[in-house]
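Enquirer: The structure's right below; bear with me while I get my questions together.
What follows draws every value from the coordinates through simple rules; no lab data is involved. None of the values given here were measured: they were computed from a predicted structure. For neighbour counting, all protein chains shown are included, and Cβ atoms are generated from backbone atoms with ideal geometry for every residue, glycine included.
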Amino acid sequence: MKKATLIILITATSFCFGVAFKTIITKQSNHPTKLKKVTGIGGVFFKCKDPKKMTEWYQKHLGLNTNP
């Protein structure tokens, strides 16, 4: 019984210290950090002999502006 109580007490204490530390660190930053938005994960990649021509085709037929 004493061992379980000690484990619970240590866990609760470490959680409280973690929350307090995060709060202190967060409040020191005056400007909010702007996070980037995730637009997708993964993808399909193709090899081509003429990347410039492929980019033009994507832009003309699919309306996609791609980068090299």
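Enquirer: For Rg and Dmax of the Cα atoms in Å, which listed value, (i) 13.2, 43; (ii) 19.3, 56; (iii) 25.9, 73, comes from the coordinates shown?
Expert: (iii)
Enquirer: Additional query: List the lysines whose Cα lies under 29 Å from the Cα of Lys3, skipping any in the same chain that are fewer than 8 positions away.
Expert: Partners found: Lys22.
Enquirer: If you fit an axis through the alpha-carbon atoms of helix 2-28 and take the longest principal axis of the Cα set of the chain, what angle between them do you get, 0 to 90°, nearest 10?
Expert: Once rounded, the angle reads 50 degrees.
Enquirer: In the neighborhood of Leu64, defined by Cβ-to-Cβ distances under 15 Å, what is the net charge if each Lys or Arg adds +1 and each Asp or Glu adds -1?
Expert: Residues near Leu64 contribute +2 overall.
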